[in-house]
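The values are calculated or read from the model by the stated rules, or taken from the named source; none is laboratory data. Computed from a prediction, not measured in an experiment: that's the story for all the values here. Heads up, the Cβs are rebuilt from the backbone with ideal geometry, glycines too, and the neighbour counts pull from every protein chain shown.
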Amino acid sequence: MDSNVSHSDSRLLDAYSQTVTSVAKKVSEAVVQIRVQKPGRPNRRAPQGQTGGGSGFIISSDGYIVTNSHVVNNVSQITVVLQDGREFAAKLIGDDPATDLAVVQIDADRLSTVSFGNSDELQVGQLAVAIGNPFGFQYSLTAGVVSALGRTLRSNGGRLIDDVIQTDAALNPGNSGGPLVNSFGEVIGVNTAIILPAQGLCFAVASNLAKYVVGKLIMEGKVRRGYIGIAGQVVQLHQKMINSLQLPVKSGILIQQIEPDAPAHNSELQQGDVIIGFNTSSIHSIDDLHKLLDEKTIGQKVELQVLRRGRKERVKVIPGEMK
């Protein structure tokens, strides 16, 4: 082997190692272990009920910590363990199952923090480092590259999380809720394990979406979304109907059930209607409807285009707030 090539490879590896090491030193003290106590019948192993946990990261000097919703949802007690070994009881500020994000807070001083980067600037192939603190007193790190951008994942609540980063920095057990960071130590995503991890893959909610959701959770305790009080399923439309009515879609949402006492005003809808439009937007699937039922629609009159008994109809609904 050419000694110059060997020396060059060594220097490249050195530069890569130095970058990862630098990121770890910069970020690790802001990464915390989160231990939770879940309601349940006491037993010998867990005298006060079931235990669980994950990771999180501190974003402010006043103790706000970002983690996954599934880590802290429906728990009776939350304990945060810092990198220096200190332990604090934490309170839940808010969680959003639709994006698998949550914020908890501790009352502590001398906190290390990390900042959100701009995930819109990410490029496939750039360095990505996943950090967690699954065991307390020490952090766990995996490094790789951004493999894909704009992925979608199904949350535990059934909604799609649209802005998801895929990386080959493998997600270790307990690292869920920890940060995915770039070479500058900026948080570019929140690692999530809401699906069984594929081999050698990690998924993270992109930082721009996370920053928006976290801001809402801190200010309001939740992310508000619209709700029209229906149960439905996606159905394919017959080509003959598509042609005769000149429809812009090939599928729609068949309304199977309407909640008459829902917070939404939906009395103009009928069971058997097929929703194909929402104001000026076409509706192909339930996910399309979920995306459009955002905070701005709550209490506002919207127009749905539906197929009813072989004809196109326009009906008005006023979305309520999803509880």
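Taken across region 116-137, residues that are touching a Lys or Arg at 6+ places or on another chain (Cβ under 9 Å), surrounded by 14 or more Cβ atoms within 10 Å (Cβ to Cβ), among the hydroxyl-bearing types (Ser, Thr, Tyr) and over 22 Å from Ser22 (Cα atoms) do not occur at all. Kindly indicate whether Thr192 is in contact (Cβ under 8 Å) with a residue 12 or more places away in the chain and within 20 Å of Val36 (Cβ to Cβ). It is true that Thr192 is in contact (Cβ under 8 Å) with a residue 12 or more places away in the chain and within 20 Å of Val36 (Cβ to Cβ).
Given Thr113, Thr142, which one is at pLDDT below 90, among the hydroxyl-bearing types (Ser, Thr, Tyr) and either part of a loop (DSSP other than H, G, I, E, B) or surrounded by 13 or more Cβ atoms within 10 Å (Cβ to Cβ) (or both)?
Thr142
Report whether or not Val80 is modelled with pLDDT of 85 or more, buried (at least 17 other Cβ atoms within 10 Å of the Cβ), assigned to a strand (DSSP E or B) and over 20 Å from the mean Cα position of the chain (by Cα). So Val80 fits the description; yes.
Listed here are the residues, each with its yes/no results for (1) closer than 28 Å to Asp100 by Cα; (2) charged (D, E, K, R).
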position: Val223; (1), (2): yes, no
position: Leu237; (1), (2): no, no
position: Lys240; (1), (2): no, yes
position: Lys250; (1), (2): no, yes
position: Ala264; (1), (2): yes, no
position: Phe278; (1), (2): yes, no
position: Ser281; (1), (2): yes, no
position: His290; (1), (2): yes, no
position: Glu295; (1), (2): yes, yes
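The residue of region 275-323 that is farthest from Pro248 (Cα to Cα), among those that are of a type in the set (D, E, K, R) and under 22 Å from the mean Cα position of the chain (by Cα), is Lys323. Reported count of residues in region 267-323, each being part of a helix (DSSP H, G or I) and among the acidic types (Asp, Glu), is 3.
Taking each residue of region 265-288 that is in contact (Cβ under 8 Å) with a residue 60 or more places away in the chain and looking for partners that are among the basic types (Lys, Arg) and part of a loop (DSSP other than H, G, I, E, B) with beta-carbon atoms closer than 8 Å, six or more apart or interchain, yields Asp287/Arg159. Go through region 152-185 and give me each residue that's among the charged types (D, E, K, R) and either touching a Ser or Thr at 6+ places or on another chain (Cβ under 9 Å) or in a loop (DSSP other than H, G, I, E, B) (or both). Arg159, Asp162, Asp163, Asp168, listed by residue number. Total residues in region 25-68 satisfying the condition of being part of a helix (DSSP H, G or I) and either modelled with pLDDT of 95 or more or surrounded by 15 or more Cβ atoms within 10 Å (Cβ to Cβ) (or both): the figure is 5.
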